[in-house]
Amino acid sequence: MPLSEQPLALTWQMDFTPYARCVSLVRKQVVRAMTGWGCAEDDTAAAVLISSELVTNAIEHAHVPGERFGITLAVTRRHCLIEVADPLTTAPWITSPSLDDEHGRGLNLVATLAEDFGHHRRADGGKTVWARLTLTGPGRSSPPVGGI
C-alpha cells in the first residue's frame, strides 16, 4: 500500500553484526523499504545517507565483541524516524574536523539533513541514536494520522 494511503507508521527493523560490510546492506534495505512505501527519491536518498552515517558510527565507535546493533525505520506521511541501537551508553558528539581530516563529519551531515536528532539510553543498556527527517515528497500534503 502506498505511503499516501497509510494511516499509521510503516516500519522496518533489522539487527546486524557490527562489520563494515553491513553498511551497504543497510543502505540497500532502506532503499527497498522506502521505495516500496512510495517515498520520494530525495527523501529516500536523505534517509539512506542518515542511516549510513548512524550505522557507521555504531560500527566504528560502539563495537562490542559478540554484541549486535539494530536499526529501525518508521515512516508516516510527514516524517521518517531512523533509530540505531548499539550496546554502549557513550553519547555521540559532533566534531569540528579540519579540512584535512578524513573522518568526523557524519553527525554534521545528520544534523544538516534531519529536522532533529539525538540519543537516549535504553532500559536494557546501551543507547539509541535517532534522527527525524521531514518528508518532502508524495503524501506530505496529507495530514498525518500518527506522529513521530
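The conditions are (1) under 14 Å from Thr134 (Cβ atoms); (2) touching a helix residue (DSSP H, G or I) at 6+ places or on another chain (Cβ under 7 Å), and Asn57 fails exactly one of them. Which is it? Against the list (1) under 14 Å from Thr134 (Cβ atoms); (2) touching a helix residue (DSSP H, G or I) at 6+ places or on another chain (Cβ under 7 Å), Asn57 comes up short only on (1). Would region 1-23 turn up any residue that is part of a helix (DSSP H, G or I), of a type in the set (S, T, N, Q), modelled with pLDDT of 85 or more and touching a strand residue (DSSP E or B) at 6+ places or on another chain (Cβ under 8 Å)? Checked against the condition, which is being part of a helix (DSSP H, G or I), of a type in the set (S, T, N, Q), modelled with pLDDT of 85 or more and touching a strand residue (DSSP E or B) at 6+ places or on another chain (Cβ under 8 Å), region 1-23 yields no hits at all.
When you scan region 60-86, how many residues do you find that are modelled with pLDDT of 90 or more and either surrounded by fewer than 20 Cβ atoms within 10 Å (Cβ to Cβ) or part of a strand (DSSP E or B) (or both)? Explain how you work it out, then say what you get.
Keep residues of region 60-86 that are modelled with pLDDT of 90 or more, which gives 69-76, 78-86.
Keeping just the survivors that are either surrounded by fewer than 20 Cβ atoms within 10 Å (Cβ to Cβ) or part of a strand (DSSP E or B) (or both) gives 69-75, 79-86.
Residues flagged as modelled with pLDDT of 90 or more and either surrounded by fewer than 20 Cβ atoms within 10 Å (Cβ to Cβ) or part of a strand (DSSP E or B) (or both) within region 60-86 amount to 15.
Could you tell me whether region 101-119 includes any residue that is at pLDDT below 90, over 19 Å from Ala9 (Cα atoms), in a helix (DSSP H, G or I) and hydroxyl-bearing (Ser, Thr, Tyr)? So far as region 101-119 goes, yes, one or more of its residues are at pLDDT below 90, over 19 Å from Ala9 (Cα atoms), in a helix (DSSP H, G or I) and hydroxyl-bearing (Ser, Thr, Tyr).
Regarding region 35-49, can at least one residue be identified that is part of a helix (DSSP H, G or I), under 24 Å from Asp124 (Cα atoms), aliphatic (A, V, I, L, M) and within 14 Å of the chain's Cα centre (by Cα)? Even if it seems obvious, please write down each step before you answer.
Narrowing region 35-49 to residues part of a helix (DSSP H, G or I): 35-36, 41-49.
Checking the rest, the ones that are also under 24 Å from Asp124 (Cα atoms) come to none.
No, that holds for no residue.
Trp93 meets the conditions (1) touching a helix residue (DSSP H, G or I) at 6+ places or on another chain (Cβ under 7 Å); (2) of a type in the set (Phe, Trp, Tyr); (3) at pLDDT below 85 in every case but one. The failed one is (1).
The values are calculated or read from the model by the stated rules, or taken from the named source; none is laboratory data. Owing to the predicted nature of the structure, the values given are computational and were not obtained by experimental measurement. Ideal geometry is used to build each Cβ from the backbone, glycine not excepted, and the neighbour counts take in all protein chains shown.
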